[in-house]
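> For reference, the structure I am asking about is given below.
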Amino acid sequence: MGNATDEVLLADQAATLISREEVAEGTMAFHFEKPSAFRFTAGQSADVTLIDPLETDAEGNTRTFSIASPPFANELVFTTRMRNTAFKRSLKEGTLTTKVKISPAAGSFTLHKNLAKPAIFLAGGIGITPFLSMVQQADRDRLSQKLYLFYSNRRPEDAAFLDTLMALETTNPNFRLICTMTEMSKSKKEWKGETALIDKEMLCRHLANLQGPIYYIAGPPTMVTVMRTALVSAGVEENDIRTDEFAGY
């Protein structure tokens, strides 16, 4: 029989919006107080339901978000590309005391336990959110695990959390960040890094061996499919590839 604590952990929790910010062009982060009973593992997601929205539409009052904040933080951060939907307008324009219901965290898109096996994160756009949580937690835990994050955006203006990730590379000697901007002709910023799409050739330049690590792919469905195909054709075992698709953003 479960005890009262188990029942709380399995129930939806109410949370209050405490701040919001634009973290890239057209991308916002929403910060909520973390309910005291809420537990999760870096990389997991949760359903967010508006309790009393300003408006509603056919898409409904619930969305599933990866949790961008790490488990050690005292807040829950959900980040999304802004589209003109009632749900997103309600979050953007509602008062800072807006309450939501947050489901128990779910999902197996979490860091593997074998510290000897490197983790290769392949992120496209808003797919960065589960990796941000993982990398921050790994930094806090001083994990000995090698982590490589390949992060693809069209332009630096579109790249959420770029400064945070660059700072984490300086504090965690086991973390490498490889960013690529694929449409620099449309950018007003300077960029000296990679500009090609993430592919086998790019991976080979930065990784000693493509076989052996565990790969995590998060981004638009097309990007996830292309990367999975490229990895398998490069000899990576199917069992060493984990994916999380971000559709509808």
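> Could we say that Thr64 is outside the structural domain of Asn153 (by TED's automatic domain parsing), outside any loop (DSSP other than H, G, I, E, B), under 28 Å from His112 (Cα atoms) and free of Cβ contacts under 8 Å to residues at least 40 places away in the same chain here? Working first, answer last.
Working: outside the structural domain of Asn153 (by TED's automatic domain parsing): yes; outside any loop (DSSP other than H, G, I, E, B): yes; under 28 Å from His112 (Cα atoms): yes; free of Cβ contacts under 8 Å to residues at least 40 places away in the same chain: yes.
Answer is yes for this residue.
> Within the group Ala73, Ala42, Ala15, Ala46, which residue is closer than 21 Å to Asp139 by Cβ, surrounded by 19 or more Cβ atoms within 10 Å (Cβ to Cβ) and at pLDDT 90 or above?
Values: Ala73 fails: surrounded by 19 or more Cβ atoms within 10 Å (Cβ to Cβ); Ala15 fails: closer than 21 Å to Asp139 by Cβ; Ala46 fails: closer than 21 Å to Asp139 by Cβ.
Every option except Ala42 fails the conditions.
> Tell me, which residue of the range 76-105 that is within 22 Å of Ala160 (Cβ to Cβ) and small (Gly, Ala, Ser) is modelled with the lowest pLDDT? Please lay out each step first, then the result.
Quick first cut of the range 76-105, residues within 22 Å of Ala160 (Cβ to Cβ) only: 76-85, 87-94, 96, 98, 100, 102, 105.
Keeping just the survivors that are small (Gly, Ala, Ser) gives 90, 94, 105.
Values: Ser90: 85, Gly94: 81, Ala105: 96.
The extreme case among them is Gly94.
> When the residues of the range 211-222 are filtered to those that are at pLDDT below 95 and in a loop (DSSP other than H, G, I, E, B), which remaining residue is nearest to Gly124 (Cα to Cα)?
Keep residues of the range 211-222 that are at pLDDT below 95, which gives 211-212, 219-222.
Keeping just the survivors that are in a loop (DSSP other than H, G, I, E, B) gives 211-212, 220.
On the way: Gln211: 22, Gly212: 22, Pro220: 7 Å.
Selected residue: Pro220.
> Next up: Quick check on this structure: which one of Asp57, Asp47, Asp52 is in a loop (DSSP other than H, G, I, E, B) and touching a Phe, Trp or Tyr at 6+ places or on another chain (Cβ under 9 Å)?
Numbers: Asp47 fails: in a loop (DSSP other than H, G, I, E, B); Asp52 fails: touching a Phe, Trp or Tyr at 6+ places or on another chain (Cβ under 9 Å).
Step by step, each of Asp57, Asp47, Asp52 is checked, and only Asp57 is in a loop (DSSP other than H, G, I, E, B) and touching a Phe, Trp or Tyr at 6+ places or on another chain (Cβ under 9 Å).
> Which condition number in (1) free of Cβ contacts under 8 Å to residues at least 24 places away in the same chain; (2) more than 30 Å from Pro173 (Cβ to Cβ) is the one that Glu55 fails?
Of the numbered conditions (1) free of Cβ contacts under 8 Å to residues at least 24 places away in the same chain; (2) more than 30 Å from Pro173 (Cβ to Cβ), the odd one out for Glu55 is (1).
> Inside the range 75-142, counting only strands (runs of 3 or more DSSP E) that do not spill past its ends, which hold 2 or more residues that are touching a helix residue (DSSP H, G or I) at 6+ places or on another chain (Cβ under 8 Å)? Give the derivation first.
Values: elements: 75-81, 99-102, 119-124.
By residue number, 75-81, 119-124.
The values are calculated or read from the model by the stated rules, or taken from the named source; none is laboratory data. These figures come from a predicted structure and were not determined experimentally. Backbone-built Cβ (ideal geometry, glycine too); neighbour counts: all protein chains shown.
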